[in-house]
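Chemist: Let me begin by handing over the structure; questions about it come next.
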Amino acid sequence: MTSEIKIERIDENRLLIPKSGGMKVPGIIYANENIQHLLKTDESAKQVVNVAHLPGIVSYSLAMPDVHWGYGFPIGGVAAFDLSTGVVSPGGVGYDINCGCRLMATKLTLFDVKDKIQDLTLALYQHIPTGVGSTGHIKLAGKDQKKVLIEGANWAIVNGFGSPEDLETTEDGGVMAGADPERVSARALERGKQQLGTLGAGNHFLEVEFVQEIFDEKVAAAFGLQKDQIVVMIHTGSRGLGYQICDDYLAAMVKHARETGIELPDRQLACAYLDSPRGRDYLAAMACGANYAWANRQVLMHLTREVFEKTLHLTPRQLGMRLVYDVCHNIAKIEEFNIEGVNKKLCVHRKGATRAFPAGHESVPVRYRGVGQPVLIPGNMGTGSYVMVGQPKAMEETFGSACHGAGRVMSRTQAVKSSRGRSISREMADRGVVIMAGSRGTLGEEMPEAYKKLEDVVQVMHESGIAKKVAKLTALACIKG
Amino acid sequence: MCDAHIDLEMKKYKLIDHTADIGCEIFGKTKKELFANSVVALFELMLGRRTFSETNETTELETKSLTVEGIDLEDLFINFLREILYLFNGEGWVVVDCQPLQVTNKHIVAQLTGEPYIGTRHQMKMEIKAVTYHGLSVKKTKTGWVGRVIYDI
């Protein structure tokens, strides 16, 4: 597929797919030469082209350097739509609405935990519900569940899972406005009842990491990060509730697209006009999913805090676990951008992409407004993560967005096949990473070779001036479903 | 992961590579068989082979009738799989047998036999979040029918 698509190099870090056929705008892929050849191995470039066909798309169909073949939108895809002529696409948000990352810092150093990491990992694995269809300790009754869907992370704080200051550094304060539980199906509500405070399966994880390297002292200090400090990264989303909201609306929009004559190169791109009852209903339901995910990550942070305090015999003050930032990477948001000299509100879809607003932007938490928004980029299992900071160029070129991870290069089946006979957890242990996972299959699927090199992906963002490197985090322990 | 070589011999389905998710090609001599085999494939992916070949004698099997509509055959195929997946993800019900009674391009009526999911008996292999429309096709071939679907995992 990809070989038929014309791709031209714009500069060291960007590729252009010129407008052709039914494309309404060109495509731009952030990739240097280390990454470019990977585009030939899957259909992600074709998916960038498909997104460019959607009504009301503004400027270009974008892909971040972690781009890989998804369904409908590529993973790593960013696209903005005009509010009056454009569309919203549930597939452009993804099934896991507000899948995202939460980074917590502690007062501990590598020295404080290095002999206790086994105990800590085991305690985390026992205390934090993981795995397929895992259910949590919280059972939501009807009224409470609706509150979660409307209030997001604040519901968790009010109910004792954290402190109000956690909200200050959560994207959008941990709540998306416009959530209407009446727009969420009974099926989705049912699936959400028992999954709050659970990690789930697949590529979701909780990782204990330490700050290995600081690239920018000033910004790292603003984020409260220093060398050898112990931090925790959580990656999960809205669980079954979010999956069901996407599934419900996608099916309705497949029908709707046919009725309204929206031409789709792929049914998974099914969408509705933003300025239509169906489009508005989806946004109201999506906000419920986003709020559930924020509450979920807040509860998980609280459980993590409890495990650290109990296992390491520390008081809350001694542990000092605080939220560095919580960012979502599967979402559609109404945000304002300058398009050819005019400020316009647009609906930005980030499908496996992270918001990356620069210093001074009013959506950046007050505490970080002088330096810019933290951009959290987890690597794959056990390899650690990067913390970056949003830069002004992101507003000009990528609708304030950056990459969200390393990006797969190997299918899960290939990965499991090529990991056969190997003990991935032992290989990790040899590198000093303790891993506890629900199944061997999951470990094989997520083995390091299945992903692009995180360094390559991060470097493209850094050199393009979209987001700047702040710190590199290295994994010590990882729990997975 | 899913003993694809055995599945190939049985010609019920085979796995196809997809970078982030998992693809499946399902075969059937007739449309009815295609739909029945799509249920086999889905549960074998999630729970492994055992659940379909061995029903546990200590469980009371229940039956359910399922009716699904679609705007065309491909839409019907996806809607059918979405309903089957919901029975598992939403209601914790493992389908151990599916008998399609009536299949047109826009409508299916099937008789399902199943049992409640019990963690100690059914070992989960893989979470399937959703049935996607991406790369979807249902085609008639010389020997029967082939359906192609990508699951979000």
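The values are calculated or read from the model by the stated rules, or taken from the named source; none is laboratory data. Computed from a predicted structure; not experimentally measured. Note that we place each Cβ from the backbone using ideal geometry, even for glycine, and neighbour counts take in every protein chain shown.
Chemist: Can you tell me how many residues within the range A:382-397 are under 16 Å from the mean Cα position of the chain (by Cα) and more than 20 Å from A:LYS453 (Cα to Cα)?
Modeler: 1
Chemist: Moving to a separate point now. Please go through the range A:365-418 and pick out each residue that is at pLDDT 95 or above, in a loop (DSSP other than H, G, I, E, B), over 20 Å from A:VAL78 (Cβ atoms) and not hydrophobic (A, V, I, L, M, F, W, C).
Modeler: A:PRO365, A:ARG369, A:GLY370
Chemist: Identify, please: which residue in the range A:232-266 is in a helix (DSSP H, G or I) and touching an Asp or Glu at 6+ places or on another chain (Cβ under 7 Å) and is, among those, nearest to the other protein chains (Cβ to nearest Cβ)?
Modeler: A:TYR243
Chemist: Continuing with this model, one more query. If you scan the range B:93-127, which residues turn out to be at pLDDT 90 or above, within 14 Å of another protein chain (Cβ to nearest Cβ) and surrounded by 15 or more Cβ atoms within 10 Å (Cβ to Cβ)?
Modeler: The answer is B:TRP93, B:VAL94.
Chemist: If you don't mind, another one. Looking at the range A:187-199, I want the residues that are within 11 Å of chain B (Cβ to nearest Cβ) and have a partner that is of a type in the set (A, V, I, L, M) and crowded, with 24+ Cβ neighbours inside 10 Å with Cβ atoms under 6 Å, at least 6 apart or on another chain. Which pairs are those?
Modeler: That search, which allows pairs on different chains as well, returns A:ALA188/A:LEU241; A:ALA188/A:ILE245; A:ARG191/A:LEU241; A:GLY192/A:LEU241.
Chemist: Another question about this same structure. Name the pairs whose Cβ atoms lie under 6 Å apart, with the first residue in the range A:266-285 and in contact (Cβ under 8 Å) with a residue 12 or more places away in the chain, the second acidic (Asp, Glu), and 6 or more positions between them or separate chains?
Modeler: What qualifies is A:ALA284/A:ASP180.
Chemist: If you scan the range A:405-420, which residues turn out to be touching a residue at least 60 places away in the same chain (Cβ under 8 Å), facing chain B (nearest Cβ under 9 Å) and hydrophobic (A, V, I, L, M, F, W, C)?
Modeler: A:VAL409
Chemist: Looking only at helices (runs of 4 or more DSSP H) that lie completely in the range A:109-216, which have at least 1 residues being under 20 Å from the mean Cα position of the chain (by Cα)?
Modeler: Details: elements: A:110-113, A:117-127, A:142-151, A:153-158, A:165-168, A:186-192.
Where helices (runs of 4 or more DSSP H) fall fully within the range A:109-216 and carry at least 1 residues being under 20 Å from the mean Cα position of the chain (by Cα), they are A:142-151, A:153-158, A:165-168, A:186-192.
Chemist: Could you list, in sequence order, the residues of the range A:377-414 that are among the aliphatic types (A, V, I, L, M) and surrounded by fewer than 24 Cβ atoms within 10 Å (Cβ to Cβ)? Break it down into steps so the answer makes sense when it comes.
Modeler: Our first condition is that a residue be among the aliphatic types (A, V, I, L, M); within the range A:377-414, this holds for A:377, A:381, A:387-389, A:394-395, A:402, A:406, A:409-410.
Correct list: A:MET395, A:VAL409, A:MET410.
Chemist: From the residues in the range A:268-277 that are closer than 11 Å to A:SER89 by Cα and in a helix (DSSP H, G or I), which one is modelled with the lowest pLDDT?
Modeler: Selected residue: A:GLN268.
Chemist: Please verify whether A:ASP82 is farther than 26 Å from A:VAL184 by Cα and of a type in the set (Asp, Glu), treating the condition exactly as stated. If you could, list the steps in order and put the result at the bottom.
Modeler: Working: farther than 26 Å from A:VAL184 by Cα: no; of a type in the set (Asp, Glu): yes.
Answer is no for this residue.
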